[in-house]
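The values are calculated or read from the model by the stated rules, or taken from the named source; none is laboratory data. Bear in mind the structure is a predicted one, so any value in this text is a computation, not a measurement. Glycine also receives a Cβ, built like all others from the backbone with ideal geometry; neighbour counts cover every protein chain displayed.
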Amino acid sequence: MFRLFDFFKKNSKPSKGLEGYIHKNFGYHIKDLTLFETALTHKSFSNTKQDLESNERLEYLGDTVIDLIVADYLYANFPKKDEGYLTMVKAKIVNRKMLAYIGGELELRNHINYDSGRSIRLETLEGNALEAIIGAMYLEAGYNQCKKSFLSHILEKYIDFDEVLTQEIDFKSTLLIWAQKNKIALKFVITDDAKKENDFIYSAKATINGKDWGQGKGKSKKEAEQHASKETLQLLGIDASLR
């Protein structure tokens, strides 16, 4: 018996050439079309259709997988760099702004199901859909396939490492701006300046309304405060790249 829901599902955007789109842009052959249709279904659309799932869970999964892929790549390709440096570079690659840019380059909006009658930032939808696609791929083919596809079709194609390595993310300024906007008392305290060989290693912590939050270390007080700010932003759930 024909159902109205079947009509909407069969005529949704992702059904039109989705296999070819994923193969062209990710080098991957879809096995379960429904899974990837879900990856491209925003909640504004799924909420209007009975039994239709949004891509939020796949987005969550894909976000974690992408984070691991980039961390894995940086660890292998920058063997002499410390944890602080690797973390800083990863933050420049795995963030809302960068993923939204890549999603735009992939023209994901042409394949996403969403309620066009609502005021929605398409850039955000595209970045989230990119994560959801990686999440779907992970469920279907595992980590190694995700890594292969992301490195060859996304990272190498859309991320300019020369530019990324020269960019600066000022975590301290981001945190200070947030504190000023929210009228919150923010202070930085140097807790230690232990000497290591010929260098001093400084330890710093950020306090919010008198309570300790993020901590960090560095070869200068500024670097230690930057790391403390980064950890604090992470704890607060604030993306420094969107500043």
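Looking at segment 80-193, the helices (runs of 4 or more DSSP H) lying wholly inside it that each contain 2 or more residues that are of a type in the set (Gly, Ala, Ser) sit at 83-93, 96-105, 122-141, 171-181.
Within segment 118-128, identify whether any single residue is surrounded by 13 or more Cβ atoms within 10 Å (Cβ to Cβ) and small (Gly, Ala, Ser), and answer yes or no.
yes
Checked across segment 176-192, the condition of being more than 17 Å from Thr87 (Cα to Cα), out of contact with any Cys (no Cβ under 8 Å at 6 or more places or on another chain), modelled with pLDDT under 85 and among the small types (Gly, Ala, Ser) holds for no residue. Any residue at all in segment 122-134 that's of a type outside the set (Val, Ile, Thr), at pLDDT below 85 and not assigned by TED's automatic domain parsing to the domain that holds Ile238? For segment 122-134, residues of a type outside the set (Val, Ile, Thr), at pLDDT below 85 and not assigned by TED's automatic domain parsing to the domain that holds Ile238: present.
Being under 19 Å from Gly135 (Cβ atoms) and free of Cβ contacts under 8 Å to residues at least 12 places away in the same chain is true of Thr34. With respect to Glu53, determine if the residue is surrounded by 13 or more Cβ atoms within 10 Å (Cβ to Cβ), within 16 Å of Ala136 (Cα to Cα), modelled with pLDDT under 90 and in the same structural domain as Glu123 (by TED's automatic domain parsing). In short, yes.
Say whether the condition of being assigned by TED's automatic domain parsing to the domain that holds Leu151, at pLDDT below 85, part of a helix (DSSP H, G or I) and polar (S, T, N, Q) is met by at least one residue in segment 22-30. Let's see the steps before the verdict.
Here is the first cut: in segment 22-30, the residues assigned by TED's automatic domain parsing to the domain that holds Leu151 are 22-30.
Narrowing further to those that are at pLDDT below 85: none.
No - not one qualifying residue is present in segment 22-30.
Which of (1) surrounded by 16 or more Cβ atoms within 10 Å (Cβ to Cβ); (2) over 17 Å from the mean Cα position of the chain (by Cα); (3) not aliphatic (A, V, I, L, M) does Ser149 not meet, given it meets every other one? If we test Ser149 against (1) surrounded by 16 or more Cβ atoms within 10 Å (Cβ to Cβ); (2) over 17 Å from the mean Cα position of the chain (by Cα); (3) not aliphatic (A, V, I, L, M), just (2) comes out false. Among the residues of segment 194-243, the one identified as modelled with pLDDT under 85, of a type in the set (Gly, Ala, Ser) and assigned to a loop (DSSP other than H, G, I, E, B) is Ser220. Taking first residues from segment 135-150 that are in the same structural domain as Leu35 (by TED's automatic domain parsing) and small (Gly, Ala, Ser) and partners that are outside any helix (DSSP H, G or I) and buried (at least 16 other Cβ atoms within 10 Å of the Cβ), the Cβ contacts under 6 Å between residues at least 6 apart in sequence or on separate chains come to Ser149/Tyr28.
Looking only at residues in segment 64-112 that are more than 16 Å from Phe26 (Cα to Cα) and acidic (Asp, Glu), the one that is nearest to the chain's Cα centre (by Cα) is Asp67.
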